[in-house]
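Bear in mind that the values in this text are calculations on the coordinates, not laboratory data. Note that the coordinates shown come from a computational prediction; the quantities given were computed from them, not determined experimentally. As a convention, Cβ positions derive from the backbone with ideal geometry for all residues, glycine included, and neighbour counts pool all protein chains shown.
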Amino acid sequence: MQMLIRGWLMYDLTQSPLMVTMVTAAMMMPMLFLSLVGGALADRLDRKMITMTADFTLLGSFAALFAVSAFGVMAPWHIITISVINGIAFALAVSARQAMVSGLVHREQMRTAVGLSSTTYNSAQIIGPAIGGVMLPVVGVTWALAVSALLVVPALFLYASLKPVHHASVNDAKGSVVENVKAGLVYAYQQSTLRFLMLGAMVMILTVGPFQSLMPVFAEDVLKVGAGGLGVLMLAAGIGSLIGSITVVTIGESIGHQKLELIFGLFGAAMLAAFALSPWYPLSIILVSLTAFSTTSFMVVNMTVIQLTAPDYIRGRVVSVRFLVIGLMPFGALSMGFGAEAFGAPTAVAVIAGVGAVGFAIVQVASRVFTRSNSQATHSNE
């Protein structure tokens, strides 16, 4: 919700597509520098404490942005500064938040629990902006900010009430934080499954994933539907995201994760390109919903397999590598912003979506070739 509202605020203040994408960049950039540290902390300290500390920080920063808006002194630097603070809190806690799941359920429930956790995380990234988009024309920017701040409060009570069903092997990472970070990177690189999962996530994050960052531009300048139209577009994206998440959890293990990632990746790229070039608002609503469906489905499959592949003693650090990849999103968002400034939003987004489709295909072909060659080498050694 905050990301969408801030993007709308920034465009209203600057009329610059690049500055709109800077909001996403400011929030996600700390992931590049701090997510690995957060992963090490998740394997050394109490994961629940880390998560609650971060949420208290978010609540304070959200309240500050509301106050700035209420006093009528909002400037671009306020939005960027608060976004950076949020990004730091998020980067240091997100691995603990995800890895905490293993201590809350029994082993046989892990796949479903991790799938649901990934579903809520990825769905919220699209459902939240959808709610924010609907609220903007109804209650205005200031009260939309207030509502989004208040939503943090019940989350704090819910986290405080968590009681693990068993004690996962945390707090036992040996050595310094730097050594812990290095161990996580080495483990993620040495496991071929994890390596290709990370590469697939990288393609999504750099190409199709940042499509929301330019939604205010499409609503205002391309489709000319204003704040109300933006709300409908984001609501459609939220519905598509939720359906995608439920679909992935329902599919379970009946289809291999490589095939699912290829299908969702290519379909998402195609739908985003079609959305970018669509001049018709009703069609754009359908296409943005299908884009969100594919994007969320891809990311849920990807995160679920990563969490299940990593053992608990190093899960926080492996998950942090995945979020390091997510930290690349500013580069995807900024490339869309630069492209939109130079060539127009439709052309820029369509071209980037095409690059994404090629990237998904390359990663999946390389993964299959590598797996096949390893399998043949194993058989020959036997």
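Results, tabulated for the structure shown:
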item	result
Length added when fully stretched, GLU179-ALA361, from 0.36 nm per residue minus Cα-Cα	62.0 nm
Choice from GLY359, GLY38, GLY240 showing the highest fluctuation, given a GNM over the chain with Cα pairs closer than 10 Å	GLY359
Ordering of 206-213, 155-162 by burial proxy (mean other Cβ atoms within 10 Å per residue, highest first)	206-213, 155-162
Linear extension gain, TYR187 paired with ALA64, 0.36 nm per residue minus alpha-carbon span	40.3 nm
Positive-end residue, the chain charge dipole about Cα centroid, Cβ charges, pick of ALA63, THR21, MET202	MET202
Distance in nm between pseudo-label sites at LEU308 and LEU277 (7 Å out along the Cβ direction from Cα)	3.7
Span-like helix ranges in the chain, DSSP H, alpha carbon extent 27 angstrom or more, Kyte mean at least -1.0	17-42, 47-70, 76-99, 110-150, 226-251, 257-277, 281-309, 345-381
Gain on full stretching of the segment that runs from TRP143 to ILE255 - 0.36 nm per residue minus C-alpha separation	35.9 nm
Förster radius 45 Å - calculated FRET efficiency between ILE286 and PHE370, Cβ distance, rounded to 0.05	0.75
Which of GLY175, ALA292, LEU308, positive extreme of dipole for the chain (C-beta unit charges)	GLY175
Taking LYS259, LYS48, LYS182 and counting other C-beta atoms within 10 Å, the order from fewest to most	LYS259, LYS182, LYS48
Cβ-derived FRET efficiency at R0 35 Å, PHE56 paired with LYS163, nearest 0.05	0.95
Most mobile of GLY200, GLY175, GLY356 in a GNM of the chain (Cα contacts under 10 Å)	GLY175
Cα centroid separation - segment 1-48 against segment 57-124, whole Å	9
